[in-house]
Amino acid sequence: MFSTQPPAADRLRYIFEEYRQQNYSQELPSRFRKEMVEAMLRRSQRSDSRIHLAEVERVLTNIGASDKISQDELLEIFHGDGVDVKQMIMYL
């Protein structure tokens, strides 16, 4: 089966999964995804329920993973108006 997501999405998913295993190993993966999305939305100044690049960058910085994915890779995923919450959950 072919993925319609860019390869950068796999890298982002790996970064968040690595962080989850190290810091949320006692939590359900769904709980971790919910907390990450809430963290991204909490700091957003938008009311459109879309997650934008700046919010993802902020979370990556906070978890110490900003150096694990390039700006170009993030732009490949978060172009234009960002992604909706359902898409972001797929990246987590």
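The values are calculated or read from the model by the stated rules, or taken from the named source; none is laboratory data. The shown structure was predicted, so the numbers you read here are calculated from the model rather than taken from an experiment. Note that each Cβ is placed from the backbone with ideal geometry, even for glycine, and that neighbours are counted across all protein chains shown. What goes into the accessible areas is simple: the full protein's heavy atoms, side chains included, and nothing from ligands, DNA or RNA. Shrake-Rupley method; radii C 1.70, N 1.55, O 1.52, S 1.80 Å.
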Exercise for the section: Hey, could you check region 51-72 for residues that are small (G, A, S) and part of a helix (DSSP H, G or I) and say which is surrounded by the fewest Cβ atoms within 10 Å (Cβ to Cβ)? Expected result: A54
Handout entry: Candidates L41, L28, L75 - the one that is open to solvent by 30 Å² or more (accessible area, probe 1.4 Å), hydrophobic (A, V, I, L, M, F, W, C) and within 13 Å of M88 (Cβ to Cβ)
Key = L41
Exercise for the section: Please verify whether region 38-47 includes one or more residues that are at pLDDT 85 or above and among the small types (G, A, S). Expected result: no
Exercise for the section: Name the single residue, out of those in region 7-25 being closer than 15 Å to K68 by Cβ and hydroxyl-bearing (S, T, Y), that is surrounded by the fewest Cβ atoms within 10 Å (Cβ to Cβ). Expected result: Y14
